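Worksheet: the structure to be examined is printed underneath.
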Amino acid sequence: MTAGSNPDSEVVDLVDALEALLVGPARSHIVTSVSGGGELVDGLKRLRAAMEAHAFRTESGVVELGRLVRRLDHHTREDGFRVLHAWNHQTHAFTDDIVPVLMLDFLERTREASSVDPGTPGAPSTSGAPPTSPDRDGMTLAIMLDYYMLHLLALCAMRAWDTSEPGETLDRITGLVHVLQGEDGSGHHFVDDAETLLIYALSQFHPEEQAYDRIIEKVVLLSDAHQMAFASVSASVLSAHLRWGFWLMYDRDPVRMRRDNVGDYPWLLNSVLTLLRGYARAIKADETPAERAGVVQALLQGLAADPWAFTGSPPPALAEYGTEYTELISLLELHLPTLLDDLELQKPDKKAYAPLALHFNFPHNTLVAIVTLALLEGRPQTLSLNQLFVPEIEDLRDETQEGLARTLMAFSRGSPDRLGYRGAMLVAYDPLSGLRSFSMTTDTLRRGFR
């Protein structure tokens, strides 16, 4: 660390700077400035330059974020994580450009391709590239700018433990996430809170698996409320990820799945154990089944990630976590009859949206797909990633959870370069597999604790 640097001050300074950009008309002025009243491709080029420099022109002058972003990114790399850059699985190296710039370059290529006669041999696919208009172009730039801001907030969330009160810092970032998605910006909804931003940052591939253990060690220092929030979204993400592999990649073989996802299992153990502790507190407080439904739904997803891992001897990936594993088994044994009754109330219904029916390879790819569709359509998405992790929400105005899940599935299979191992869709929604996952989970629990 550079002599004289103050990570606490750096985090607070960047959060302060982001708040100044997010609250009020600053983003609108930035969009107007980069658009210049010209073609969208020109606006994208100007926005790209601003993102690369981390400097934006507002009514009150140029806001320079570069020094703070580079310092916090440097600290995060020292911890073993890269928040702003993506892992290239072909070159086995991180990208030179930050993720928002990569997205912007994709959008620019798509717009340029749309000017090519689609009948021309070898013309690139322009599926999803709509006709341009000033309003649509302005919205596209606004969504793109908000996507960039989201990544800086994620960087701040990863550095929350540099501050004297990490929980308060995370709460402040959650507040700014809500402002980001409010009336002063594009209106696109990305995530619900700082905890999900942490998951988004962590879900990128990171070669140093021990870095995940260090994050868990930090999370357990937070309040019960923060730990529960982190565990709930972690359980949902790990479940969708591991079940995607179980059904689409590992031929329903949990042993193969465990060998290929060693780093995920301590994280999963911590998430399920945290949720079980919360469930035990709810039982002790004599909460009704309806009052504890949220923690039960999160527990269902966490257990469904690999129910066989929590009913006997710990799998090899958890061999060093004997104390935590023993506590988890004890809590399951103690509360299983009530828990099974509560789980039955969460059984998926083929006629309603169910989180257990959603599978994806990685959450960041799912969020990228949601943002890509919004950019191509020039229309913000009003459902956040978190809303795909809860049962059907009634009275949604614009789009249902199942509608979004199926749209993402169609987008995933719409091009060969969006498919994964053996042609598997990177996002899938299948109510039948959701029902099967539920049955396997509850049956395994009953057999494992006879």
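Structure summary
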read-out	value
Residue check, Asp430 among the acidic types (Asp, Glu) and closer than 14 Å to Trp244 by Cα	yes
Test: Leu68 is out of contact with any strand residue (DSSP E or B) (no Cβ under 9 Å at 6 or more places or on another chain) and at pLDDT 80 or above	yes
Selected residue [surrounded by 20 or more Cβ atoms within 10 Å (Cβ to Cβ), at pLDDT below 95 and more than 18 Å from Gln387 (Cβ to Cβ)] from Ala211, Ala201	Ala201
Test: residue in region 247-255 that is within 24 Å of Thr196 (Cβ to Cβ) and of a type in the set (Asp, Glu)	no
Pair list, Cβ under 6 Å, 6 or more apart: region 436-450 residue closer than 24 Å to Trp244 by Cα, other residue small (Gly, Ala, Ser) and crowded, with 16+ Cβ neighbours inside 10 Å	Ser437/Ala304; Thr441/Ala304
When residues of region 64-82 are limited to those that are under 20 Å from the mean Cα position of the chain (by Cα) and assigned to a helix (DSSP H, G or I), the one nearest to Ala49 (Cα to Cα)	Asp73
Counted residues, region 254-291 - those being surrounded by fewer than 19 Cβ atoms within 10 Å (Cβ to Cβ), of a type in the set (Asp, Glu) and either at pLDDT 95 or above or under 20 Å from the mean Cα position of the chain (by Cα) (or both)	3
Test: residue in region 28-39 that is crowded, with 16+ Cβ neighbours inside 10 Å and charged (D, E, K, R)	no
Only listed residue being polar (S, T, N, Q) and either touching a strand residue (DSSP E or B) at 6+ places or on another chain (Cβ under 8 Å) or surrounded by fewer than 15 Cβ atoms within 10 Å (Cβ to Cβ) (or both), chosen from Ser223, Ser232, Ser239	Ser223
Helices (runs of 4 or more DSSP H) fully within region 337-450 counting 3 or more residues that are farther than 30 Å from Phe310 by Cβ	363-377, 401-412
Region 157-184: number of residues that are outside any helix (DSSP H, G or I), of a type in the set (S, T, N, Q) and crowded, with 19+ Cβ neighbours inside 10 Å	2
Identity of the residue in region 15-34, in contact (Cβ under 8 Å) with a residue 40 or more places away in the chain and in contact with a Lys or Arg (Cβ under 8 Å, 6 or more places away or on another chain), that ends up farthest from Arg159 (Cα to Cα)	Val34
Members of region 3-23 that are over 14 Å from Asp162 (Cβ atoms) and at pLDDT below 95	Ala3, Gly4
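The values are calculated or read from the model by the stated rules, or taken from the named source; none is laboratory data. None of these values were measured; they are calculated from a predicted model. Cβ sites come from the backbone with ideal geometry, for glycine too, and all protein chains shown count toward neighbours.
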